[in-house]
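Comments concern the structure below.
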Amino acid sequence: MFSSLQQGKVEKEQIIDIGYYVHIVKVKWLSIALFSILCTAISILFALSLKPTYKATATLLIESSQKKAISIEEVVGIDTSAKEYYLTQFEILKSNQVALRVIDKLDLENNIEFNPSLIQSEPSLIDNLKVEIKSLPVIASYLSKDETDSKSIVVDDSGINQTVLKIFKSKLSIEPIRKTQLVNISFESLDPNLAATIANEVAHAYIENSLESKLVATEQATGWINQRLASLKKQLEDSEQALLLFLKQQKLIDNSGIEALTSSELTNLTDRISSATNQRIEAQSLYNALKSKPNGDISSISSVSLISNHPQIRDIRLAESNAEKQVSELSKRYGPKHDKMIQAQAQLQSIQLRANKLTKKLIDGVEKELISAREQEQMLKSELLSKKAEFQSLSVVKREYDALKREVDTNAKLYDLFLTRQKETTATRDFSASNARFSDYALVPLKPSKPNRKLIVLLALCGSIGFAVLTIIFLDAFNSRIESSRDFENKLGLLPTGAIPMISDKKYKNSPIDASVFASERHSVFQESVDSIRTSLYLSLRNSQRKLLAISSAVPAEGKTTTAVNLAMSFAKLERVLLIDCDLRKPSVAERFSLPSSQAGLVNVLLTNASVEECITSVNENLDVMTGGMLAPNPQEILSSAAFEELIEELATKYDRIILDTPPILPVKDAYIIGRLAQGLVLVMKANSTSKSVYNHTMTLLNRHGVSVDGVVLNQVPIRKEGKHAYTEYSLYAYGKNS
C-alpha cells in the first residue's frame with residue numbers, strides 16, 4: 001500500500017506547502033528576532049556615524065537662439081538648431097574646465113572636504129611598523145621610488161590636484177528637466193552654505209566659460225579675416241587688370257557688341273534659309289505633281305491646286321467653260337454641220353490649244369523656279385556655315401571675356417563679404433551675449449539631503465528579517481534529514497503512519513529503552529503515539545487478514561526494536577500477540593524485557609529441535625516473546641529455510657498477531673526474506689538522522705525485491721513546546737490526556 005503511494009508520489013509534482021515554511025519561521029522566530037535586532041543596532045550606529053550632507057540646486061535656462069548684435073555667429077558659432085546642442089551644453093557643464101574654474105575661484109584645494117591629505121593624523125602602530133619594515137635594506141632594495149610614494153597626492157604636470165577634481169565632480173550632478181530648456185545644477189557638501197555657493201558658481205563658471213570661448217573665437221576669426229582681406233584685395237586687383245588688358249587687345253569696350261552682332265546675323269540668315277526652304281519645297285511639290293502627269297490634258301493638270309490658282313489658268317478655264325456651254329446650247333438647236341456649231345467648236349478648240357500651251361509654259365517656268373530655289377537655299381546654307389565659323393572665333397573671345405569677368409565678380413563679392421565682416425567685428429568685438437541665464441539661484445539648504453537615517457534603519461530591519469527568513473528556508477531546503485511528520489510530508493510528499501516522540505529520561509541516556517516505558521504514566525504521550533500507530537496499522541491490515549507484521553529500519557540505531565516492542569505491547573491490549581526477535585545477528589529483544597541472554601529462542605527451535613513452548617516467554621496475559629536465542633552462524637540460511645516458514649505458519653494458528661523484529665535493510669539482506677514472508681514491512685526512521693537520499697534508496701531496494709511497505713514510523717521526534725504550532729503530532733495526544 002505504502003509502496004504504491006511512493007510510486008505515485010514520484011509521478012506527481014509536489015505542491016509547495018506554504019504553511020510548512022510558515023511553521024519553520026515560527027519555530028525559528030527567536031533566532032530571526034535576535035539577528036534582526038543585531039543588524040538593526042549596527043545600522044543605527046552606522047547611520048549615526050554618517051555626517052549629514054546638504055544638497056543645493058541652481059536652475060539654469062539654456063537658450064537655443066542667442067541674442068547677438070552682429071552676424072559673426074554665422075562664422076564662428078555652433079548650430080543651435082541641432083538636437084545635440086543641449087546634450088553638448090550638459091556635457092560642458094560637467095567638464096573639467098568648468099570644475100577647475102570653480103575650484104580655483106573658491107580655493108577648494110585647501111578645503112579638507114575636498115583634499116583629505118590636509119587631515120593631520122598621527123601614524124598608528126601598524127603604520128610605524130610598515131615604515132620600519134620598508135626601511136630595512138633588504139626590503140628597500142626591492143621597492144622603487146614610485147612604490148614608496150604611491151600614497152602621495154596625484155598631481156599632473158600643470159599642478160592640478162586630481163584628487164580634489166575627482167571629489168568635486170563626484171558631488172556635482174547635472175540633471176536636465178524633460179521637455180524644457182532648464183537644467184538643474186546640484187551640489188552636495190557637508191557645509192550647506194558651501195553647497196549653495198558652489199552650485200551658483202558652477203552656473204557662473206559655465207556662463208563665463210561660454211562668453212570667453214565666444215570672444216576667443218571672435219578674436220581668432222577677426223585675425224584670420226584681416227589676413228585674408230589683404231590677399232583678396234590683391235586678387236581682385238589682378239583680375240581687374242587682366243580684364244582691362246584683354247579688352248584692349250581685342251579692341252572691345254565690353255561683350256555687348258559681340259553678342260548683338262552674333263545674334264542679329266544668325267537670326268537673319270536663319271530666317272532667310274527658312275523662307276528659301278519653303279519656296280524650294282513648294283516648287284518641288286508642284287514640279288513633282290506636273291511630272292507625274294506628263295501626257296495629261298489641261299483639265300487633269302489644272303486640277304493641281306498650284307496650277308489651278310494661276311490667274312491665266314483661271315481665265316482660260318473660264319473661257320473654256322463658256323465655250324463648252326455655248327456648244328452644248330447650240331447642239332440642242334443645230335446639227336453638227338451647222339455654221340454656228342462649226343464656229344463654236346472651232347472657238348472651243350482654240351481655247352483648249354491656248355490652255356495647253358500655257359500649261360506647258362507654266363511647267364517650264366516651275367522647273368526653272370525649282371532650280372532657282374535650290375540654288376538660293378544652298379547659297380544661304382553655305383553663308384550660314386561660313387558665318388558660324390566666323391562666330392565660333394568670336395565665341396572664344398566671348399568665353400575668355402566671360403571667364404575674366406566672372407573672376408572679377410567673384411573676387412569682388414568675396415572681398416566685400418570679408419570687408420563687411422571685418423568692419424562688424426572691429427566695431428563690436430568687445431560685445432557678446434550669453435546663451436544661458438539663471439532661472440533660480442541655489443538657496444542655502446535648511447535640512448540635510450542625506451543620510452536618511454530612518455530609511456537606513458528601516459531597510460536594515462526589513463533586509464535582516466528577509467535575509468534571516470530566506471536563510472532558514474534555504475537551510476531547510478538543503479537539509480535532507482527528516483525532522484517531523486510535517487517535514488516528512490513536505491520533503492517526501494507522503495504522510496507517515498505515525499511519529500514516536502523522543503524520551504528525555506536520564507535512565508535511558510546510556511541504555512536502550514525497555515518495555516517498562518509503555519506502562520509508565522510519565523510517558524503517556526509516548527504511549528498515545530504508539531497506540532495511534534497501532535490503530536493505523538490495524539485498520540490498514542484488517543481487510544487483508546494478515547497476522548504477520550515485520551518491523552525494520554534502513555540503518556542500525558534508528559529504534560526499530562523499540563518500535564517493535566512497544567507495538568507488540570500496544571497490540572496486546574486488543575488481541576493475543578507474539579513478538580519474535582528475527583535479528584539473529586544482534587538480538588536485543590531479550591534485553592528489553594530483562595530476560596537473560598541465554599534464554600532459548602528462535603535459533604534453538606530451528607537448529608536444536610527445542611520445543612516451541614520452551615522458547616516462548618509470557619510477558620502478560622496477551623503478550624508472548626520469542627527471543628533470538630543462541631547465536632546463529634548463518635542467519636540468512638536459517639531465515640530462508642522451510643523450517644522457519646513452517647514455524648511461522650504454526651505460530652500463526654495460535655496467535656492473533658505476530659510481530660517480527662528484523663535486521664536493518666541496507667547492511668544485510670535478512671529483512672527482504674522476512675518482508676516477503678510477512679507480505680509487507682513497517683519502516684522505522686529516526687528523526688534528524690535518516691536523510692531523504694537514504695530513505696529513497698531504501699524504498700528502491702524494497703521495490704526491487706518485491707517487498708511492500710505497510711507504513712513508515714518516524715522515531716525520536718523532538719517534542720515542541722505547546723503553542724509552537726497550531727497542529728502538531730502530539731496535540732491530539734495532549735488533548736486525549738487532559739480529557
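The values are calculated or read from the model by the stated rules, or taken from the named source; none is laboratory data. Only a predicted model underlies this, so the values are computations on that prediction, with no experimental measurement involved. Cβ atoms come from the backbone with ideal geometry, glycine included; neighbour counts cover every protein chain shown. Only protein heavy atoms, including side chains, enter the accessible area calculation; ligands, DNA and RNA are left aside. Shrake-Rupley method; radii C 1.70, N 1.55, O 1.52, S 1.80 Å.
Per residue, region 587-692 exposes 43 Å² of accessible surface when a 1.4 Å probe is rolled over the protein heavy atoms with every protein chain present. When Ser618, Ser386 are compared by accessible surface with a 1.4 Å probe, the order from highest to lowest is Ser618, Ser386.
Which value in nm describes the separation of the simple spin-label points at Lys233 and Leu419, placed 7 Å from the Cα toward the beta carbon? Each label point is offset 7 Å from its Cα along the Cβ direction, giving 0.9 nm. Residues whose amide H falls under 5 Å from that of Met630, counting only those 5 or more places apart or on a different chain, are Gly601, Val603, Asn604, with hydrogens built in the peptide plane. In terms of distances greater than 21 angstrom between alpha carbons, the cross-link table entries Lys105/Lys450; Lys28/Lys454; Lys105/Lys171; Lys55/Lys94; Lys547/Lys686; Lys94/Lys214 yield Lys105/Lys450; Lys28/Lys454; Lys547/Lys686.
A simple spin-label model places pseudo-atoms 7 Å from Cα toward Cβ; at Thr608 and Gln378 they are separated by 16.3 nm. FRET efficiency for the Ile37 to Trp224 pair, using the beta carbon distance and R₀ = 45 Å, is estimated at 0.05. Over all orientations, region 551-644 has a Cα convex hull whose mean projected area works out to 6.2 square nanometres. Our coupling estimate for region 176-184, obtained by passing each phi through the Karplus curve with A = 6.51, B = -1.76, C = 1.60 and θ = phi - 60°, is x, 8, 4, 6, 9, 9, 9, 9, 8 Hz, Gly and Pro reported as x. Across the cross-link table entries Lys586/Lys669; Lys340/Lys361; Lys233/Lys413; Lys51/Lys447; Lys586/Lys692, which are compared at the Cα atoms, the separations over 21 Å belong to Lys340/Lys361; Lys586/Lys692. Determine the share of region 162-252's accessible area contributed by carbon and sulfur atoms, expressed in whole percent, with a 1.4 angstrom probe. Exposed carbon and sulfur together represent 53 percent of the surface.
Backbone amide hydrogens, once placed in the peptide plane, bring Ile658 within less than 5 Å of Leu548, Leu549, Leu578, excluding anything fewer than 5 places away on its chain. Given a Förster radius of 51 Å and the C-beta distance between Leu595 and Phe467 as r, what FRET efficiency does 1/(1 + (r/R0)^6) yield to the nearest 0.05? Result of the calculation: an efficiency of 0.35. Could you calculate the FRET efficiency of Lys450 with Leu182 from 1/(1 + (r/R0)^6), where r is the beta carbon distance between them and R0 is 30 Å, rounded to 0.05? With a Förster radius of 30 Å, E is 0.80.
Restricting attention to region 507-658, close to 30% of DSSP beta bridges with both partner residues there are antiparallel. In a fully extended conformation the segment linking Tyr334 and Lys248 would gain 21.4 nm over its present Cα-Cα distance, using 0.36 nm per residue.
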